[in-house]
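Only one structure is covered here, and it is reproduced in the block below.
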Amino acid sequence: SIAQYTMPSPSKFVSHGEYIYPAIMVALPLVVRAAMLVLMEKCDDFEENGGKVDIIGRFRFEFVAVVLGATCLAVCLIGSFVFLGWSSHLSVIYSASYFFLISAARWSVHLPKKFTNAIHKNGQLGEEKMDNNNTELLFEESRNSLRFVSCLLAVYLHAPLLLANYSLGFPSALFWSPLLSLFVLSPASRAYYLKKESLRGKAFGLITFFGKVVLLVASSPPVFVVPNVFGLVTPYVLMVYTPLHLLLAAIWFI
């Protein structure tokens, strides 16, 4: 047989055809969110450009490249600390990684769209339509681009994990799926609640900010995951949990 199996006990085995459906349902919100981000951009472009669809024009290639590069650098640095046996300093290196990544993300939001502008100048997607002076638009495009990539990355990281180690992949997907697909305010909600002249908006903004800080710190690997769930920094913690946690911090705080 070419089917894969899991053995809940020495006398029983279950085919992956039985247990994979709950895993697909758990990871499905990530795929739906990624598709919704693309479709929302498509609808906006269709209405604004008179029927011309320009999804690539809204995707922040330079921003995503900088954030992913900073994430890879942070993961390599954390892995070096673990390899050298400096696990007692994990809290310091993780804190520095979050600060470095969020700073790099906020800086790279204002990078010019050189790649996108080059495509437009080649005439592949019609007229150039950029508004680098609109800060809110830049942040929204950057946040959506990074969220789209993060959802796809979470799917690709969990797909082999769910097939190879279901007992680890399923709770991991159950944790990351709602965080990346649901726990980000939509532009309309954010604009409504964060009005500067509204006392309710200020209160909501503070509560949301501190709530995200508490959740991010509590779920950080050195705080809870490594000492309580895992005894040390495993390949899963380093290659799956840490990159997604860093990207979540960038999405929340840019």
- So, counting K/R as plus one and D/E as minus one, what does the shell of residues with Cβ under 14 Å around residue 179 add up to? +3
- Report the full-extension gain for the segment residue 203 to residue 72: residue separation times 0.36 nm, less the Cα-Cα distance, to one decimal in nm. 43.6 nm
- Message: Just to make sure I understand: if all protein chains stay in place, what is the order of 36, 25 by accessible area at 1.4 Å, largest first?
- Response: 25, 36
- Determine how large the accessible area of residue 212 is when every protein chain is in place; take a 1.4 Å probe and give Å² rounded to the nearest 10. 50 Å²
- Item | Area accessible to solvent at residue 86, 1.4 Å probe radius, in Å² | 120 Å²
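Can you give the local net charge around residue 249? Use residues other than it whose beta-carbon is closer than 13 angstrom to its beta-carbon, Lys and Arg +1, Asp and Glu -1.
After counting each charged neighbour, the total is +4.
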- What is the extension gain from residue 239 to residue 213, computed as 0.36 nm multiplied by their sequence separation minus the C-alpha to C-alpha distance, in nm to one decimal? 7.1 nm
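Please work out how much length the chain gains when fully extended from residue 92 to residue 110, using 0.36 nm per residue of separation minus the C-alpha to C-alpha distance, in nm with one decimal.
Here the segment from residue 92 to residue 110 would lengthen by 3.6 nm.
The values are calculated or read from the model by the stated rules, or taken from the named source; none is laboratory data. Values in this document were obtained by computation on a predicted structure and should not be read as measured data. Reconstructed Cβ throughout: ideal geometry from the backbone, glycine too, with neighbour counts over all protein chains shown. What goes into the accessible areas is simple: the full protein's heavy atoms, side chains included, and nothing from ligands, DNA or RNA. Shrake-Rupley method; radii C 1.70, N 1.55, O 1.52, S 1.80 Å.
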